[in-house]
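Participant: Sharing a structure below in structure tokens format, with a few things to ask.
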Number of protein chains: 2
Amino acid sequence: MSFQFKIESASGSTRTGRLLTPHGDVETPVFMPVGTLASVKGISQDLLEELGVQILLGNTYHLYLRPGIEQVRKLGGLHRFMSWPRAILTDSGGFQVFSLNHLRKVSEEGVTFRSHLDGSEHFFSPERAMEAQIGLGADIIMAFDECTEYPADRERARSSMEMTLRWAERSRKHFEDHKHEVPWTTSHVGTAALGCPASEAREQVKPSSGDREDVSERWGTSELRSADSRGRLSLRDSGATQALFGIVQGGMDRALRKESAERTIAIGFDGYAIGGLSVGEPRSLTREIVEATIEHLPAGQPRYLMGVGTPDEIVEYANLGIDMMDCVLPTRAARHGLLFTSEGKISIKQARYAGDPGPLDPNCNCRVCTRYSRAYLRHLYASNEVLAQVLNTTHNLSFYLDTMRGVRHSIALGKGARFLAGERSRRKP
Amino acid sequence: MSFQFKIESASGSTRTGRLLTPHGDVETPVFMPVGTLASVKGISQDLLEELGVQILLGNTYHLYLRPGIEQVRKLGGLHRFMSWPRAILTDSGGFQVFSLNHLRKVSEEGVTFRSHLDGSEHFFSPERAMEAQIGLGADIIMAFDECTEYPADRERARSSMEMTLRWAERSRKHFEDHKHEVPWTTSHVGTAALGCPASEAREQVKPSSGDREDVSERWGTSELRSADSRGRLSLRDSGATQALFGIVQGGMDRALRKESAERTIAIGFDGYAIGGLSVGEPRSLTREIVEATIEHLPAGQPRYLMGVGTPDEIVEYANLGIDMMDCVLPTRAARHGLLFTSEGKISIKQARYAGDPGPLDPNCNCRVCTRYSRAYLRHLYASNEVLAQVLNTTHNLSFYLDTMRGVRHSIALGKGARFLAGERSRRKP
């Protein structure tokens with residue numbers, strides 16, 4: 001068994017759980033920071049570990065263009081390429097193909113698109129998307145889907161949903177036929193999982209079965225212990241493979257969402273994502289469709305809501321029973337000087353902060369809030385210093401991860417995720 | 001006594017020593033990374049501490065324009081503004097006024113120049129430069145000088161040197177009259193020295209005499225101990241002031257350099273810098289002038305060679321008896337993908353590294369070389385990822401600081417600084 005999901009506490013639809021992946025456990029509900037090009041922009045992997053990031057999201061479309069799937073595969077997969085020993089999820093590339101390419105051509109077979117970098121022509125299909133994601137070697141990969149645009153009429157939403165279902169079947173079939181080709185099951189497993197120095201990894205290019213015992217032999221006991229204490233050795237068994245998630249579409253139509261859920265479940269996946277939301281619709285509608293979809297998803301499998309949201313929203317969706325979320329918001333907003341705090345949003349570029357000696361967020365214990373003043377952060381942003389991006393991103397990620405830690409704690413105490421928002425506001429000075 | 005220099009070992013002209021500053025000791029020979037706008041571009045202060053940076057250089061010209069001297073002064077000085085508890089040196093602004101301003105007007109009184117940011121007109125003089133540097137509150141500040149351009153004929157070099165000498169006298173006089181206005185002797189001292197969280201600092205805006213006992217009362221013993229273990233409490237005595245260094249000019253003329261040295265020493269400073277080098281002249285000439293100048297500097301005071309150099313050069317100058325150096329090279333080169341290693345320079349942008357799983361420098365133990373491959377660093381650079389700048393700068397700084405640690409160790413063993421270069425090449429695999 002390569003992948004498991006265990007529910008650890010539940011109250012109503014809300015629950016906490018644990019994803020067991022070939023690269024370590026992930027406590028849910030979890031927020032997954034986005035590392036588009038094998039990097040969370042500006043943040044080193046050391047710091048991501050320190051912040052408590054359990055699982056990263058990589059974008060297949062971007063990695064396919066740079067540095068290329070074959071390059072990553074030859075270097076042992078994405079974990080080893082970026083020296084990230086914990087879990088990774090990759091998207092299928094479908095969303096970027098649709099959102100970044102206005103000249104795309106969609107057919108039953110797949111999508112022809114042009115690179116946003118150099119205009120070169122490429123083709124993605126369910127089979128190609130699986131091949132790419134197997135080459136990258138994330139722990140969780142996604143079926144190739146069509147993200148239905150908003151607004152879309154019922155007929156368009158249905159035909160798009162039907163295509164996504166056919167592509168889901170093809171994704172599943174290709175995955176089953178090729179899942180043992182994931183780079184970390186055929187070579188380099190120990191080194192990637194251990195996050196070992198590249199200098200040592202270089203001497204270990206011989207293929208290995210990659211199980212724990214094999215790693216132990218090569219590394220010796222003391223390295224193993226040290227690796228364990230850093231949470232860097234978690235490959236559970238030889239022959240571990242990736243997990244494949246299906247994606248529910250159906251636009252903003254509750255009946256189509258129900259049908260999409262049921263037919264996707266009938267194909268059979270390790271988990272289920274809700275796609276096609278946060279594409280321009282009002283937030284009340286997002287919430288309505290999430291609720292209407294969740295009720296048709298199997299309780300015992302992970303539920304992943306793609307591409308959301310604000311701190312308040314991720315608490316709200318966790319409360320509805322969502323287990324996994326990802327969003328560029330904390331990292332992208334940070335680059336624009338928009339910071340999330342326990343007292344609300346702050347636009348650090350404003351002149352009012354130029355002389356403010358106080359911390360960004362008096363209730364935050366991150367490296368930024370315990371060391372730097374708003375005046376300094378404002379100066380860095382106003383001066384276009386790269387450290388502004390580094391520190392702003394560190395804080396926003398810390399705020400999101402703290403929020404989810406609070407949510408998990410609150411759910412485990414039986415108070416529900418929503419309790420936290422009240423807790424937090426009561427902590428105001 | 002606010003500032004002392006102790007020589008700890010010497011062999012020929014080469015020596016190791018210790019600068020005792022109000023913000024901690026600095027082992028020499030030392031390389032000072034450049035933090036132009038109160039930030040070493042892309043690197044957090046936590047990481048600078050971890051890398052072993054003992055003293056940072058700040059640029060008065062840039063800080064004068066952004067965020068402005070008065071802003072920094074009101075916030076307790078540069079140490080507290082940027083939350084850097086260790087030593088800082090500021091330049092006088094003269095070099096930038098001359099190098100960034102083609103429309104400047106130089107008179108006996110000072111220099112009128114236009115901001116490189118918005119074209120606004122400003123005026124710097126010895127008095128203004130002292131006022132600015134006292135407001136910033138660095139531990140070591142520099143007399144206002146004219147950096148003689150290269151090439152310059154003898155007459156021009158002499159008249160420029162004479163002006164620098166008159167400005168040195170005026171700098172010295174203004175400093176003596178105003179040195180007790182440094183922000184950390186009149187307020188906030190403990191908090192800046194302790195690098196305390198801004199949230200706590202905010203509650204301590206009342207003026208204090210700032211001596212160790214006062215800090216202790218406010219912080220309690222446990223915080224003090226913790227601060228000590230982090231090396232963050234080093235303000236030696238109440239009423240501590242800054243140290244002022246003079247600058248020797250004289251172009252590429254050995255006789256003028258001798259005269260400049262002798263007359264600058266006659267004015268009397270805490271240390272002596274060699275300015276006007278590394279301005280376009282051949283390296284052999286730089287070395288010749290450094291040697292010709294050093295022999296006229298007092299052995300018991302620190303010698304600072306401004307604006308050099310490559311790793312080989314800083315070893316060479318340490319060997320000649322230079323105690324302090326600064327240069328933008330390691331940080332600026334990093335941003336252009338040029339990396340210094342024990343095996344020579346590497347341009348990480350080259351396609352040959354795209355599939356290279358080895359470490360950047362197999363003999364380096366920095367966070368970058370022990371975790372990431374050349375292939376990953378090349379990918380980050382080629383993809384214009386901000387993490388490229390962060391990791392490249394981390395490595396280059398680490399390489400420079402390691403080089404200087406090796407130099408100090410080698411000198412202390414009586415082997416001279418130059419020994420290290422041979423040691424290092426013998427470590428090649």
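The values are calculated or read from the model by the stated rules, or taken from the named source; none is laboratory data. Nothing here was measured: the structure is a model prediction, and the numbers come from that model. With ideal geometry, Cβ positions are generated from the backbone for all residues, glycine too; neighbour counts draw on all protein chains shown. Surface areas here come from the heavy atoms of the whole protein model, side chains and all, with no ligands, DNA or RNA. Shrake-Rupley method; radii C 1.70, N 1.55, O 1.52, S 1.80 Å.
Participant: In region A:31-52, which residues are assigned to a strand (DSSP E or B), away from every other protein chain (no Cβ under 14 Å) and under 24 Å from A:TRP184 (Cα atoms)?
Facilitator: A:MET32
Participant: From the list B:ARG18, B:ARG66, pick out the single residue that is without any contact (Cβ under 8 Å) to a residue 60 or more places away in the chain and within 29 Å of B:LYS415 (Cα to Cα). Break it down into steps so the answer makes sense when it comes.
Facilitator: Details: B:ARG66 fails: within 29 Å of B:LYS415 (Cα to Cα).
B:ARG18 is the lone residue from the list that is without any contact (Cβ under 8 Å) to a residue 60 or more places away in the chain and within 29 Å of B:LYS415 (Cα to Cα).
Participant: Does region B:4-23 hold any residues that are buried (at least 21 other Cβ atoms within 10 Å of the Cβ) and among the aromatic types (Phe, Trp, Tyr), and which are they?
Facilitator: None; the set is empty.
Participant: May I pose another question? B:LEU413: crowded, with 22+ Cβ neighbours inside 10 Å and at pLDDT below 95, yes or no?
Facilitator: When the stated conditions are applied, B:LEU413 does not pass them.
Participant: Surrounded by fewer than 20 Cβ atoms within 10 Å (Cβ to Cβ), under 24 Å from A:GLN96 (Cα atoms) and without any contact (Cβ under 8 Å) to a residue 24 or more places away in the chain: which single residue out of A:ARG283, A:ARG332 fits that description?
Facilitator: Answer to the check: A:ARG332.
Participant: Here is a further query. If you check B:PHE113, B:PHE98, which single one turns out to be farther than 30 Å from B:ALA388 by Cβ and in a helix (DSSP H, G or I)?
Facilitator: Numbers: B:PHE113 fails: in a helix (DSSP H, G or I).
Unique residue meeting the criteria: B:PHE98.
Participant: Taking B:GLY250, is it within 23 Å of B:LEU136 (Cβ to Cβ) and open to solvent by less than 60 Å² (accessible area, probe 1.4 Å)?
Facilitator: For B:GLY250, the condition - within 23 Å of B:LEU136 (Cβ to Cβ) and open to solvent by less than 60 Å² (accessible area, probe 1.4 Å) - is not met.
Participant: Could you list, in sequence order, all residues of region B:286-301 that are small (Gly, Ala, Ser) and either in contact with a strand residue (DSSP E or B) (Cβ under 9 Å, 6 or more places away or on another chain) or free of Cβ contacts under 8 Å to residues at least 24 places away in the same chain (or both)?
Facilitator: If the condition is that a residue be small (Gly, Ala, Ser) and either in contact with a strand residue (DSSP E or B) (Cβ under 9 Å, 6 or more places away or on another chain) or free of Cβ contacts under 8 Å to residues at least 24 places away in the same chain (or both), then B:ALA299, B:GLY300 are the ones that fit.
Participant: So which of B:LEU297, B:LEU244, B:LEU277, B:LEU256 ends up being crowded, with 19+ Cβ neighbours inside 10 Å, at pLDDT 95 or above and more than 23 Å from the chain's Cα centre (by Cα)?
Facilitator: Only one candidate qualifies: B:LEU256.
Participant: Answer yes or no as to whether A:THR310 is β-branched (Val, Ile, Thr) and open to solvent by less than 40 Å² (accessible area, probe 1.4 Å).
Facilitator: No; evaluated as a whole, the condition is false for this residue.
Participant: Grab the helices (runs of 4 or more DSSP H) fully contained in region B:307-386, keeping just those with 1 or more residues being within 9 Å of chain A (Cβ to nearest Cβ) and not basic (Lys, Arg).
Facilitator: Answer list for region B:307-386: B:374-382.
Participant: Could you please find all residues in region B:53-82 being part of a loop (DSSP other than H, G, I, E, B), within 14 Å of chain A (Cβ to nearest Cβ) and more than 22 Å from A:LYS349 (Cα to Cα)?
Facilitator: Answer for region B:53-82, where residues must be part of a loop (DSSP other than H, G, I, E, B), within 14 Å of chain A (Cβ to nearest Cβ) and more than 22 Å from A:LYS349 (Cα to Cα): just B:ASN59.
Participant: From the list B:ALA138, B:ALA152, which residue is outside any helix (DSSP H, G or I) and in contact with a His (Cβ under 9 Å, 6 or more places away or on another chain)?
Facilitator: B:ALA138
Participant: From (1) under 28 Å from A:GLY406 (Cβ atoms); (2) in contact (Cβ under 8 Å) with a residue 40 or more places away in the chain, pick out the condition that doesn't hold for A:GLY77.
Facilitator: Only one criterion in (1) under 28 Å from A:GLY406 (Cβ atoms); (2) in contact (Cβ under 8 Å) with a residue 40 or more places away in the chain is unmet by A:GLY77, namely (1).
Participant: Among A:VAL40, A:VAL26, which is the only one that is open to solvent by less than 20 Å² (accessible area, probe 1.4 Å), aliphatic (A, V, I, L, M) and touching a strand residue (DSSP E or B) at 6+ places or on another chain (Cβ under 6 Å)? Give the derivation first.
Facilitator: On the way: A:VAL40 fails: touching a strand residue (DSSP E or B) at 6+ places or on another chain (Cβ under 6 Å).
Exactly one residue qualifies, and that residue is A:VAL26.
Participant: A:TYR304 versus (1) farther than 18 Å from A:VAL40 by Cα; (2) within 13 Å of chain B (Cβ to nearest Cβ); (3) in contact (Cβ under 8 Å) with a residue 24 or more places away in the chain; (4) touching a strand residue (DSSP E or B) at 6+ places or on another chain (Cβ under 9 Å): which is the lone unmet condition?
Facilitator: For A:TYR304, the exception is condition (2).
Participant: Moving to a separate point now. Can you report the number of residues in region A:1-19 which are part of a loop (DSSP other than H, G, I, E, B) and under 19 Å from the mean Cα position of the chain (by Cα)?
Facilitator: Matching residues across region A:1-19 total 2.
Participant: Follow-up. From B:ASP91, B:ASP46, grab the single residue that is acidic (Asp, Glu), closer than 19 Å to A:LEU377 by Cβ and under 23 Å from the mean Cα position of the chain (by Cα).
Facilitator: Exactly one of B:ASP91, B:ASP46 is acidic (Asp, Glu), closer than 19 Å to A:LEU377 by Cβ and under 23 Å from the mean Cα position of the chain (by Cα), namely B:ASP46.
Participant: Also: Would you confirm whether any residue within region B:83-99 is of a type in the set (A, V, I, L, M) and either open to solvent by 10 Å² or more (accessible area, probe 1.4 Å) or within 14 Å of another protein chain (Cβ to nearest Cβ) (or both)?
Facilitator: no
Participant: Is one or more of the residues making up region B:370-382 of a type outside the set (S, T, N, Q), surrounded by fewer than 23 Cβ atoms within 10 Å (Cβ to Cβ) and out of contact with any helix residue (DSSP H, G or I) (no Cβ under 8 Å at 6 or more places or on another chain)?
Facilitator: yes
Participant: Also, I was wondering about something else. Quick check on this structure: which one of A:GLY94, A:GLY190 is farther than 18 Å from A:TYR64 by Cβ and modelled with pLDDT under 95?
Facilitator: The match here is A:GLY190.
Participant: Those residues that are of a type outside the set (Lys, Arg) and either free of Cβ contacts under 8 Å to residues at least 24 places away in the same chain or farther than 15 Å from A:SER92 by Cβ (or both), I need them from region A:112-136; list them, please.
Facilitator: A:THR112, A:PHE113, A:SER115, A:HIS116, A:LEU117, A:ASP118, A:GLY119, A:SER120, A:GLU121, A:PHE123
Participant: Only one residue in A:VAL72, A:VAL111 is buried (at least 20 other Cβ atoms within 10 Å of the Cβ) and under 27 Å from A:GLY276 (Cβ atoms), so which one is that?
Facilitator: On the way: A:VAL72 fails: under 27 Å from A:GLY276 (Cβ atoms).
A:VAL111 is the lone residue from the list that is buried (at least 20 other Cβ atoms within 10 Å of the Cβ) and under 27 Å from A:GLY276 (Cβ atoms).
Participant: Now for a different question. Identify all residues within region A:114-159 that are β-branched (Val, Ile, Thr) and either open to solvent by 80 Å² or more (accessible area, probe 1.4 Å) or more than 19 Å from the chain's Cα centre (by Cα) (or both); write none if there are none.
Facilitator: Within region A:114-159, just A:THR148 meets the criteria.
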